[in-house]
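The structure appears below as structure tokens.
The values are calculated or read from the model by the stated rules, or taken from the named source; none is laboratory data. The structure presented is a predicted model; accordingly, all values stated were derived computationally and were not measured. Glycine also receives a Cβ, built like all others from the backbone with ideal geometry; neighbour counts cover every protein chain displayed. In case anyone asks, the SASA skips ligands and DNA or RNA and just uses the protein heavy atoms, side chains included. Shrake-Rupley method; radii C 1.70, N 1.55, O 1.52, S 1.80 Å.
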Amino acid sequence: MMLAAEIMRRSFATVEPTTMLIVAARLLLETNQRGLPVLDAAGRLVGIVSEGDLLHRDELGVSPPSGNWFEELLGIEENGPARERMRALRVAAIMTPDPVFVSEDASIDDVVAEMDRRHVGQVPVVCADEVIGIVSRFELIAALERGLNRNEESAEVNQ
């Protein structure tokens, strides 16, 4: 059984709640991560800022996401929470608090199930309250490729 610790990305960027969004956006572009773990001053995981969190922005001319049928019917308030998120300049205002994470000894089956359940493209790997890695779809596909390659090589040897 393959574990999260065996396939996780060990080199990754993180941000703090006070990080400016421009810095977070640049880190996402530079690292090709789907999201950035948000760590407090003690290094504990307090949130995730993802690609999706950055999409509904005034700078892009994108409409805010509808919160519920009532907001959709009446329209989004100009000074309401959705508009505030669209104009926020710091990670704390747009991050997803208390994000899903897995332990280093989580099976790949558990990792995929958690990603599917939460509709996320990556999960941080946490050990003793510290983020030690990230498993994204990319790492899962890389693990699949290695497995397929081993199967192909063993099939060639057995012919």
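Residue count for region 85-123 under the criterion of being open to solvent by less than 50 Å² (accessible area, probe 1.4 Å) and in a loop (DSSP other than H, G, I, E, B): the result is 7.
When region 15-45 is filtered for residues that are surrounded by 17 or more Cβ atoms within 10 Å (Cβ to Cβ) and among the β-branched types (Val, Ile, Thr), the ones remaining, listed by number, are Val15, Thr19, Val38. Among residues of region 1-13 that are touching a residue at least 24 places away in the same chain (Cβ under 8 Å), those with a Cβ under 9 angstrom from a residue that is small (Gly, Ala, Ser) and assigned to a loop (DSSP other than H, G, I, E, B), sequence gap 6+ or separate chain, pair up as Leu3/Ala106; Ala4/Ala106; Ala5/Ala106. Sub-9 Å Cβ pairs linking a first residue in region 141-153 that is closer than 14 Å to Glu6 by Cβ to a second residue that is open to solvent by 100 Å² or more (accessible area, probe 1.4 Å), at least 6 apart or interchain, are Ala143/Glu6, ordered by first then second residue. Listed conditions (1) in contact with a Gly (Cβ under 9 Å, 6 or more places away or on another chain); (2) at pLDDT below 90; (3) surrounded by 13 or more Cβ atoms within 10 Å (Cβ to Cβ); (4) of a type in the set (Gly, Ala, Ser) are all met by Gly67, apart from (3).
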